[in-house]
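The block underneath contains the structure these notes are about, expressed in structure tokens.
The values are calculated or read from the model by the stated rules, or taken from the named source; none is laboratory data. Quick caveat: nothing in here was measured; it's all calculated off a predicted structure. When we count neighbours, we look across all protein chains shown, and the Cβ atoms used for this are built from the backbone with ideal geometry, even at glycine.
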Amino acid sequence: MAKSWFRRSGLILFCLMLQACSEPQPQVNSALKTPYLAMARGKVDVEGGLLNLPILRDGVFVRVNVRPNDKVHHGDVLAELDSHVAMMAVGLATAELHHAQAELLSLNTHLPVMQQTAARWQEAAKSGVAEQQHADEATEASRQLMADITVAQTTVEMAQQKLMQARHEIELQRIVSPIDGEVINVLVQTGSTNSVQDHAVAFQLLPNHPLIIHAEVNESYIALIHVGQTASVELESNPDVAAFNASVVRIGRVLEASHLNEESQLTRIIECTLQLEQASSTAVQSLRIGQNVLVKFHE
């Protein structure tokens, strides 16, 4: 009975071995398929980058009107330097202009009379009533007056330019926002003395421009990337957050060392710029400038 049981067990085992041999075996080295052509590290940025506003003139700040995170608009005065000296220059230039204009007006008033007198002397000389010398002297005086008027007109124009320059100098005593945006850093304070030679930055602004992604694509994959190609953008710090959709808008033409991977300084990359879709959505607006991301380029 025991021998019968062993024979049946052996037969069952033999059948199982035959079945296993007949089934196709999986390829151990088969490549895993992925919907992505390439991947690259990147950073969140704003179109055009952050804007640094420098100090344009030496002086003491008498007013600083904004703080970090304040919203500003084009033309808003962010800070003001002491402008007393500049205002005195405007006053002096204004006085010089008024004096030059008065001189010109006086000369122009006398010109018709002198021209008429010279004409009469010439008529009298032709009639033999007066000597030609007196007529020539009157004509020369009229010509000299016209030359003086030309000089006076030039003096007025110079005074006008000087006044414009003095007024422009007052404008340079103020730091004005050239864009709509948000104040990121305030690097001056009321009472601080600053010098242009220090090349100091007074404010750093975040423009109201669309957020973008700067991705570093390894040179071996750059042939797979093209303008208009779609990609998924994931946060390196929080991969559980849903990926953002983006598309390639610019591809660089200069190979350079990686700025994001310090361990791969010898690896050459091409910078690729992507535009995020739904730029006005709350999710996209929650991104922070400088955040590290992983970009996955679609087929």
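Within the bounds of region 219-227, is there any residue that is part of a strand (DSSP E or B) and either within 14 Å of Ala40 (Cα to Cα) or not hydrophobic (A, V, I, L, M, F, W, C) (or both)? No, region 219-227 contains no residue that is part of a strand (DSSP E or B) and either within 14 Å of Ala40 (Cα to Cα) or not hydrophobic (A, V, I, L, M, F, W, C) (or both). Across region 84-131, the qualifying residues are those that are among the β-branched types (Val, Ile, Thr) and touching a residue at least 40 places away in the same chain (Cβ under 8 Å), and the one among them that is surrounded by the most Cβ atoms within 10 Å (Cβ to Cβ) is Val90. Against the definition (farther than 21 Å from Leu50 by Cβ, surrounded by 11 or more Cβ atoms within 10 Å (Cβ to Cβ) and in contact (Cβ under 8 Å) with a residue 40 or more places away in the chain), how does Ile289 come out, yes or no? Judged against the criteria, Ile289 is not a match. Residue-level check: of (1) out of contact with any Gly (no Cβ under 7 Å at 6 or more places or on another chain); (2) under 30 Å from Asp70 (Cα atoms); (3) of a type outside the set (Ser, Thr, Tyr), His226 misses just (2). Evaluated against (1) under 38 Å from the mean Cα position of the chain (by Cα); (2) loosely packed, with under 15 Cβ neighbours inside 10 Å; (3) under 30 Å from Leu107 (Cβ atoms), Gly191 falls short on exactly one condition, (3).
Please indicate, with yes or no, whether at least one residue in region 185-199 is in contact with a Pro (Cβ under 8 Å, 6 or more places away or on another chain) and either part of a strand (DSSP E or B) or under 26 Å from Arg288 (Cβ atoms) (or both). Checked region 185-199: at least one residue is in contact with a Pro (Cβ under 8 Å, 6 or more places away or on another chain) and either part of a strand (DSSP E or B) or under 26 Å from Arg288 (Cβ atoms) (or both). Residue check: Ala147 meets all listed conditions (1) under 30 Å from Gln285 (Cα atoms); (2) in the same structural domain as Ala93 (by TED's automatic domain parsing) but one, namely (1). Please tell me if Gln153 is polar (S, T, N, Q), assigned by TED's automatic domain parsing to the domain that holds Leu97, part of a helix (DSSP H, G or I) and in contact with a Ser or Thr (Cβ under 6 Å, 6 or more places away or on another chain). No, not satisfied. Of all the criteria given as (1) polar (S, T, N, Q); (2) more than 20 Å from Val66 (Cα to Cα); (3) not assigned by TED's automatic domain parsing to the domain that holds Leu92, the one not satisfied by Gln189 is (2). Taking first residues from region 210-233 that are closer than 11 Å to Phe297 by Cα and partners that are of a type in the set (S, T, N, Q) and surrounded by fewer than 18 Cβ atoms within 10 Å (Cβ to Cβ), the Cβ contacts under 6 Å between residues at least 6 apart in sequence or on separate chains come to Thr230/Ser247. Restricting Thr273, Thr267, Thr230, Thr282 to residues that are surrounded by fewer than 17 Cβ atoms within 10 Å (Cβ to Cβ) and touching a His at 6+ places or on another chain (Cβ under 8 Å) narrows the list to Thr230. Only one of the numbered conditions (1) closer than 15 Å to Gly42 by Cβ; (2) assigned to a loop (DSSP other than H, G, I, E, B); (3) touching a helix residue (DSSP H, G or I) at 6+ places or on another chain (Cβ under 9 Å) is violated by Ala242, and that is (1). Of all residues in region 137-158, those that are closer than 13 Å to Leu111 by Cα have Cβ atoms under 6 Å from Cβ atoms of residues that are crowded, with 16+ Cβ neighbours inside 10 Å and aromatic (Phe, Trp, Tyr), 6 or more apart or on another chain, in Ala138/Trp121.
Scoring Ala79 on the criteria (1) buried (at least 18 other Cβ atoms within 10 Å of the Cβ); (2) part of a helix (DSSP H, G or I) leaves a single failure, condition (2).
Among the residues of region 174-195, is there at least one that is at pLDDT 90 or above and touching a helix residue (DSSP H, G or I) at 6+ places or on another chain (Cβ under 6 Å)? Taking every residue of region 174-195 in turn, none turns out to be at pLDDT 90 or above and touching a helix residue (DSSP H, G or I) at 6+ places or on another chain (Cβ under 6 Å). Scanning region 274-288 for any residue that is assigned to a strand (DSSP E or B) and among the small types (Gly, Ala, Ser) turns up nothing.
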